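Taking it in order: structure first as structure tokens, then the write-up.
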Amino acid sequence: MKVKVRDIALKAGVSDGTVSNALNNRKGISEEKREYILKIAREMGYFKNNSSSNNNTIRLIIIYKDAHIIGDTPFFSELIRGIENECSLQGYELIIHHVNSGSLHTEITKSLKSNQTKGVLLLGTEMDIDDLKLFDNVCTPLVVLDNEYDDMLYDYVAINNSDGSYAITKLLIDNGHKNIGLINSSYQINNFKKRKMGYRNALDDYNLPFRPENEILVDPSPEGSYRDTATYLKAFLNELSLDELPTAFYAVNDNIAIGAVRAFQELNIDISICGFDDLPISKLFNPPLTTVQVDKKQLGKIAVSRLINKINGDISHLKILVATKIVERDSVKKT
């Protein structure tokens, strides 16, 4: 049975006009009341039963900011492939929509009409919590992918960045390293913050110090990492001896690790290093890179599955962290 505005109004104890304002994101209603009405509408199946189109379309919105993390890389290619495969298996058409942060509000209004989209996957890799607030009044079922905040109101599917970083830092410790540096991105995103947290938690649990001077901030590309790591090393060796340099470094992703290795090799510095993501090039690099493996296709598959559950009326909120595993290769040596 088709759910009408009047049905929602009766259950919510408000006027038809107030329901209409809430459903169409108009002014003249408090955010608290709007959320209350939208919750009732979802529970009654309004959005499922009242779409003016019968299309089965899922929209993947990719948000670009200034962090230069999202791009045509193996990580995001595999992630999108996992999304496409699962959409196809479940009978949904996928539309990919690229949005620059400067036009975010306009693009949201244009692309998230209920008659165009059954559900939205939001690739939130470069987004912060304030950016996500722009989606607070979106009625379309929505799942955030590749980002997680403790106070996020949305469903999300993300990498367990903290645990993965803890595990690989512990691997360095288990190999006898006590002075462990961090190669971090100069462009900070939430995933990198979580990875630093896992690294620091491992150091704390094993009573090892975190030394701020041993954190190298680099551009998050192989070439940028090489350049910035080389600059750091030359400055370090001008002031301190090689013996004071960490014996191992954890880089917050593989691209950064690969660029950094080149800088160490050019200065003939023997160093243990590891990364995060397990990009295809990691096993072909010299030395093959020890890293944290992320099942990118599975990440996309789980996100689509969760979104379809919401499209079908599931009103619960789930926060899903996908586990990682360590891949040991030759870039970490025992001390």
Going through the range 130-141 one residue at a time, which ones are touching a residue at least 60 places away in the same chain (Cβ under 8 Å) and either closer than 25 Å to residue 66 by Cβ or in a helix (DSSP H, G or I) (or both)? 131, 136
Quick one: would you say residue 94 is crowded, with 22+ Cβ neighbours inside 10 Å, in contact with a strand residue (DSSP E or B) (Cβ under 9 Å, 6 or more places away or on another chain) and either modelled with pLDDT of 85 or more or over 17 Å from residue 193 (Cβ atoms) (or both)? no
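Taking into account only those residues within the range 195-236 that are part of a helix (DSSP H, G or I) and small (Gly, Ala, Ser), which is most open to solvent (accessible area, probe 1.4 Å)? Steps first, answer last, please.
First, pick out the residues of the range 195-236 that are part of a helix (DSSP H, G or I): 195-205, 212-214, 222-236.
From what's left, small (Gly, Ala, Ser): 198, 202, 224-225, 230, 235.
Working: 198: 0, 202: 0, 224: 2, 225: 0, 230: 14, 235: 50 Å².
Among them, the one singled out is 235.
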So which residues in the range 1-30 are modelled with pLDDT under 85, open to solvent by less than 30 Å² (accessible area, probe 1.4 Å) and in contact with a helix residue (DSSP H, G or I) (Cβ under 6 Å, 6 or more places away or on another chain)? 3, 19, 22, 29
When the residues of the range 314-335 are narrowed to those that are open to solvent by 80 Å² or more (accessible area, probe 1.4 Å) and not in a loop (DSSP other than H, G, I, E, B), which ends up nearest to residue 43 (Cα to Cα)? 319
Considering the range 135-170 alone, what residues qualify as being of a type in the set (A, V, I, L, M, F, W, C), closer than 15 Å to residue 273 by Cα and open to solvent by 20 Å² or more (accessible area, probe 1.4 Å)? 167
Select from the range 171-194 the residues that are surrounded by fewer than 17 Cβ atoms within 10 Å (Cβ to Cβ) and among the small types (Gly, Ala, Ser) and write down the one among them that is farthest from residue 220 (Cα to Cα). 176
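Per-residue answers, yes or no, for (1) at pLDDT below 95; (2) under 26 Å from residue 96 (Cβ atoms); (3) touching a helix residue (DSSP H, G or I) at 6+ places or on another chain (Cβ under 9 Å); (4) not basic (Lys, Arg):
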residue: 139; (1), (2), (3), (4): yes, yes, yes, yes
residue: 142; (1), (2), (3), (4): yes, yes, yes, yes
residue: 152; (1), (2), (3), (4): yes, yes, yes, yes
residue: 162; (1), (2), (3), (4): no, no, yes, yes
residue: 168; (1), (2), (3), (4): no, no, yes, yes
residue: 174; (1), (2), (3), (4): no, no, no, yes
residue: 185; (1), (2), (3), (4): no, yes, yes, yes
residue: 198; (1), (2), (3), (4): no, no, yes, yes
Which numbered condition in (1) farther than 18 Å from residue 326 by Cβ; (2) crowded, with 22+ Cβ neighbours inside 10 Å; (3) charged (D, E, K, R) is the only one that residue 239 fails? (2)
Go over the candidates 302, 311, 281 one by one and state the one that is open to solvent by 70 Å² or more (accessible area, probe 1.4 Å), touching a residue at least 60 places away in the same chain (Cβ under 8 Å) and among the β-branched types (Val, Ile, Thr). 281
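For residue 126, are the conditions met, namely being out of contact with any Cys (no Cβ under 9 Å at 6 or more places or on another chain), at pLDDT 70 or above and either open to solvent by less than 30 Å² (accessible area, probe 1.4 Å) or part of a helix (DSSP H, G or I) (or both)? Give the derivation first.
On the way: out of contact with any Cys (no Cβ under 9 Å at 6 or more places or on another chain): yes; at pLDDT 70 or above: yes; either open to solvent by less than 30 Å² (accessible area, probe 1.4 Å) or part of a helix (DSSP H, G or I) (or both): yes.
Against the criterion (out of contact with any Cys (no Cβ under 9 Å at 6 or more places or on another chain), at pLDDT 70 or above and either open to solvent by less than 30 Å² (accessible area, probe 1.4 Å) or part of a helix (DSSP H, G or I) (or both)), residue 126 qualifies.
The values are calculated or read from the model by the stated rules, or taken from the named source; none is laboratory data. Source: prediction; values computed, not measured. Counting neighbours? That spans all protein chains shown, and the Cβs are built from the backbone with ideal geometry, glycine included. Accessible surface areas use protein heavy atoms only, side chains included; no ligands, DNA or RNA. Shrake-Rupley method; radii C 1.70, N 1.55, O 1.52, S 1.80 Å.
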